[in-house]
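One structure is given here, and the rest of the page talks about it.
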Amino acid sequence: LGNSIVSGAALDSAYVATASWDFDGTDDYINMGNSSSIKVTTTDTSESEGITVSAWVKADDWGNVTAVNTIISCYQFSLGGKGWSMAQYGNAVYWTLNHSGTTNLALNTGWRAFALADGSSGDPPRAHWRESGWHHLTVTFDGRYMRTYVDGGVANSTNVSDIGDDDNAISYGIDSTNVDLMIGADPGLLTGTGGTAPWIPGTSSASSYWNGLINEVAVWNKALDADAISDIFDAVDVDGAVLDLTKDSGDYDYSGDLVGLWRASEVSGTTAVDATGNNNGIIKNSLGTVSEVPS
């Protein structure tokens, strides 16, 4: 689908998704490696330089699950909790991120949660239970403010975390290349020569696997504004059309800041193709696709 009007919104750039990844919650994941282009570190609060991560997700169970189900992560617990992660736990989705302050210490900004179960306390206004079961999840960080969004709107009244000063770099721990970025799992430490650097990309072990569907995983080196995030959500169509993030459209003008975009419709063998051409992912184990798409 090329230029068109999508879902009643005046958006002129759409992409038709034809498949979604179906994670089994046991051993499926995608490893995108540890390139600095997707493991954003530098921030500039005044210029909104930083990171945005988004994905369309549908859990097999949006209820009160008792294990961590990871959506996308480069968060390494064995390094004392470094990096960032988006994951489901209980009946909520949590985001955590570490930044380096003026003393260059890794500080955990804490879990940012938004309830997804219909009628639960703290439901965000736009996060009504969607009949389709799909939700669009987004987090931004500009070096000072961390904001969470669900289904195109702010997560809840506490969706903003203010560090209190500007330009805090994102911290990945011992070495910014010491852990891979993964879809569907938390990464373990990379293998290195004699147990030390240089680390070998793509060698992380995996844990805390996602159980459900994931599609349209995107990373930008910019903190997207609320209008752009709203446009991304509003563009979804029952026939599989979503906003084409590689092109500017409406209030979305961040295509030039996109550093990673993995679509389940674009798979070549065991390769999850990065639509930006920067970082293809390697599909692990029996992960396959289904025809169901965000709606």
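Here are the numbers for this structure:
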quantity: Relative packing of 237-250, 56-69, which averages over residues the other C-beta atoms within 10 Å, highest first; calculated: 237-250, 56-69
quantity: Length gained when the stretch Thr26-Ser286 is fully extended (0.36 nm per residue, less Cα-Cα span); calculated: 92.6 nm
quantity: Å³ per residue enclosed by the Cα convex hull of the range 228-295; calculated: 94
quantity: Computed lengthening from Ala226 to Val160, 0.36 nm per intervening residue step minus Cα-Cα distance; calculated: 22.5 nm
quantity: Full-extension gain in nm, Val238 to Glu47, via 0.36 nm per residue minus C-alpha separation; calculated: 65.2 nm
quantity: Cut-off under 5 Å, modelled amide H: who pairs with Ala67 long-range; calculated: Gly90
quantity: For the range 197-203, Karplus couplings with θ = phi - 60° (6.51, -1.76, 1.60), whole Hz, Gly/Pro x; calculated: 4, x, 7, 9, x, x, 9
quantity: Distance in nm between pseudo-label sites at Thr66 and Ser255 (7 Å out along the Cβ direction from Cα); calculated: 4.8
quantity: Highest average packing first - 190-199, 281-290, Cβ atoms within 10 Å; calculated: 281-290, 190-199
quantity: Under 11 Å, Cβ to Cβ, from Ile163 - net charge with Lys/Arg +1 and Asp/Glu -1; calculated: -4
quantity: Whether the range 167-220 is rounded, prolate or oblate, judged on the alpha carbon gyration tensor where a/c under 1.5 counts as rounded; calculated: oblate
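Each value in this text was obtained by applying a stated rule to the coordinates, not by laboratory testing. Only a predicted model underlies this, so the values are computations on that prediction, with no experimental measurement involved. Quick reminder, even Gly has a Cβ in these numbers, built from the backbone with ideal geometry, and neighbours come from all protein chains shown.
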